[in-house]
Amino acid sequence: MIELKKEMANDFSISRILNGMWQVSGAHGDIDPEKAINEMIKYHDSGFTTWDLADIYGPAESFIGEFRKKLEKINGKDELKNSQALTKFVPNPGPMTKSIVEYYIDKSLEKMKTDCLDLIQFHWWDYNNPSYIDALIHLSNLRDKGKVKHVGLTNFDTERLEIIKEQGLEIISSQVQYSILDQRPEKLMIPFCQKHGIHLLSYGTLLGGFFSEKYLNSPEPNRGDLTTASLKKYYNMINAWGGWELFQELLQKLLQISEKHGCSIANVATSFILEKPTVAGVIIGARLGISEHKDDNSRAFGLHLDSEDTLMIKSVTEKSKDLFEIVGDCGSEYHK
Ligand SMILES: NC(=O)c1ccc[n+]([C@@H]2O[C@H](COP(=O)([O-])OP(=O)(O)OC[C@H]3O[C@@H](n4cnc5c(N)ncnc54)[C@H](OP(=O)(O)O)[C@@H]3O)[C@@H](O)[C@H]2O)c1
């Protein structure tokens, strides 16, 4: 039985399946704001209390603000303590002065209608520009000032994570792509995180929905069939990894495992990552008001994959290309 909650720091626990809000950005179908906020209340009431978002995900931060307002109205102010919103700071590379960093954090605070961000996850596009260290120093100072509870990273590779740690900066989490198909974090990132007590947050674990019965035995999609930005992103990953035919072989194995455990293919894909060392949570994208899989996803908590299951998965993944060699370490897909 996988734990439902994970304590990431003394004063900070999250739901181990987080609701991903890239899916409200507009690139995954039209979202009706009112419907979306009502859906967010339902997620919260079902125990899915943690949201992953970013300043660049369209209206996501404002949705959190509206959701918090509604939650307080329905359940009272104390209920807000049971909700966590993990946003990201994704600036264009340039000088990262104290006032620039604070300006953007203040904007997030205002939109999210809160006076302290639970976790700010920092993304940096260009390692040739060393200002990312300045940004992290200012974010750490904002934490000490009380505007941010914790500082984390997203899409940084292990080499830069090491440089950041050498600066004495306190980082509690690293958000990276991690799935049965993309096991790059196991090479360098996870050993480093184990050594330094850093939690991993995983995305792409369901490959935008490709890890589901919907794509089992289905013909290779055309570009036009890829109706969300997420499907487009992970279709490219499937091709880099080994292609559609090998992916179908993998889905067949996942089906056999899911039938053995009486669960879904998505549950197998989620549990595979949730049981890995240092993984605090798996982020699953939620197309609020368009589709929802809460009941199915909650079944991943009751699942434990045994050695026979992992060997079956390995019998296919060992035939794939090495994504670490092709793409590079975690986050390299976002860097030149
Ligand atoms: N840090 C970064 O750079 C980064 C990058 C990408 C994503 N993320 C984060 O990760 C989140 C997830 O995004 P993602 O692109 O990786 O997508 P994902 O979680 O791999 O896929 C989400 C899609 O999977 C399908 N799905 C969910 N549960 C299912 C179930 N039980 N059975 C069948 N299908 C199911 C749904 O498709 P339908 O809606 O079609 O049913 C859903 O829209 C984002 O919202 C964001 O928070 C971060």
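The values are calculated or read from the model by the stated rules, or taken from the named source; none is laboratory data. Bear in mind the structure is a predicted one, so any value in this text is a computation, not a measurement. Don't worry about glycine lacking a Cβ; one is built from the backbone with ideal geometry, like all the others, and counts go over all protein chains shown. Surface areas here come from the heavy atoms of the whole protein model, side chains and all, with no ligands, DNA or RNA. Shrake-Rupley method; radii C 1.70, N 1.55, O 1.52, S 1.80 Å.
A single member of F211, F192 is without any contact (Cβ under 8 Å) to a residue 60 or more places away in the chain, out of contact with any strand residue (DSSP E or B) (no Cβ under 8 Å at 6 or more places or on another chain) and either open to solvent by 10 Å² or more (accessible area, probe 1.4 Å) or closer than 15 Å to V279 by Cβ (or both), and it is F192. For segment 51-74, does any single residue satisfy the condition of being in contact with a helix residue (DSSP H, G or I) (Cβ under 9 Å, 6 or more places away or on another chain), open to solvent by 40 Å² or more (accessible area, probe 1.4 Å), without any contact (Cβ under 8 Å) to a residue 12 or more places away in the chain and in a helix (DSSP H, G or I)? Yes; the residues of segment 51-74 include at least one that is in contact with a helix residue (DSSP H, G or I) (Cβ under 9 Å, 6 or more places away or on another chain), open to solvent by 40 Å² or more (accessible area, probe 1.4 Å), without any contact (Cβ under 8 Å) to a residue 12 or more places away in the chain and in a helix (DSSP H, G or I).
Restrict the check to segment 230-239 and report whether at least one residue is away from the ligand (no atom under 13 Å from the Cβ), open to solvent by less than 70 Å² (accessible area, probe 1.4 Å) and at pLDDT 95 or above. Within segment 230-239 (the criterion being away from the ligand (no atom under 13 Å from the Cβ), open to solvent by less than 70 Å² (accessible area, probe 1.4 Å) and at pLDDT 95 or above), the answer is yes, since at least one residue qualifies. Of the listed requirements (1) within 9 Å of the ligand (Cβ to nearest atom); (2) open to solvent by 10 Å² or more (accessible area, probe 1.4 Å), A286 misses just one: (2). For G204, the criteria (1) out of contact with any Leu (no Cβ under 7 Å at 6 or more places or on another chain); (2) at negative phi; (3) touching a residue at least 24 places away in the same chain (Cβ under 8 Å); (4) small (G, A, S) hold in every case but one, which is (2). Which residue out of S258, S298 is within 14 Å of the ligand (Cβ to nearest atom) and closer than 28 Å to T154 by Cα? Just a single option satisfies the conditions, and that option is S298.
Mind telling me which of the residues S298, S320 ends up being at pLDDT 95 or above, of a type outside the set (D, E) and open to solvent by 40 Å² or more (accessible area, probe 1.4 Å)? Give the steps one after another, and end with the answer.
Numbers: S320 fails: open to solvent by 40 Å² or more (accessible area, probe 1.4 Å).
Result of the check over S298, S320: S298.
Of all residues in segment 196-206, none are farther than 20 Å from Q121 by Cβ and either open to solvent by 20 Å² or more (accessible area, probe 1.4 Å) or modelled with pLDDT of 95 or more (or both).
Here S230 clears all of (1) in contact (Cβ under 8 Å) with a residue 60 or more places away in the chain; (2) of a type outside the set (V, I, T); (3) within 15 Å of N297 (Cα to Cα) except the condition numbered (3). Of all residues in segment 265-278, those satisfying the criterion of being out of contact with any Gly (no Cβ under 9 Å at 6 or more places or on another chain) and open to solvent by 10 Å² or more (accessible area, probe 1.4 Å) are F272, E275, K276, P277.
Residue by residue, here is whether (1) more than 16 Å from the ligand (Cβ to nearest atom); (2) aliphatic (A, V, I, L, M) holds:
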| residue | (1), (2) |
| --- | --- |
| T114 | yes, no |
| D118 | no, no |
| N128 | yes, no |
| I137 | yes, yes |
| N141 | yes, no |
| K147 | yes, no |
| I163 | yes, yes |
| E166 | yes, no |
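Checked against (1) assigned to a loop (DSSP other than H, G, I, E, B); (2) more than 8 Å from the ligand (Cβ to nearest atom), S291 meets all criteria but (2).
Can you confirm whether R223 is crowded, with 17+ Cβ neighbours inside 10 Å and charged (D, E, K, R)? So R223 does not fit the description; no.
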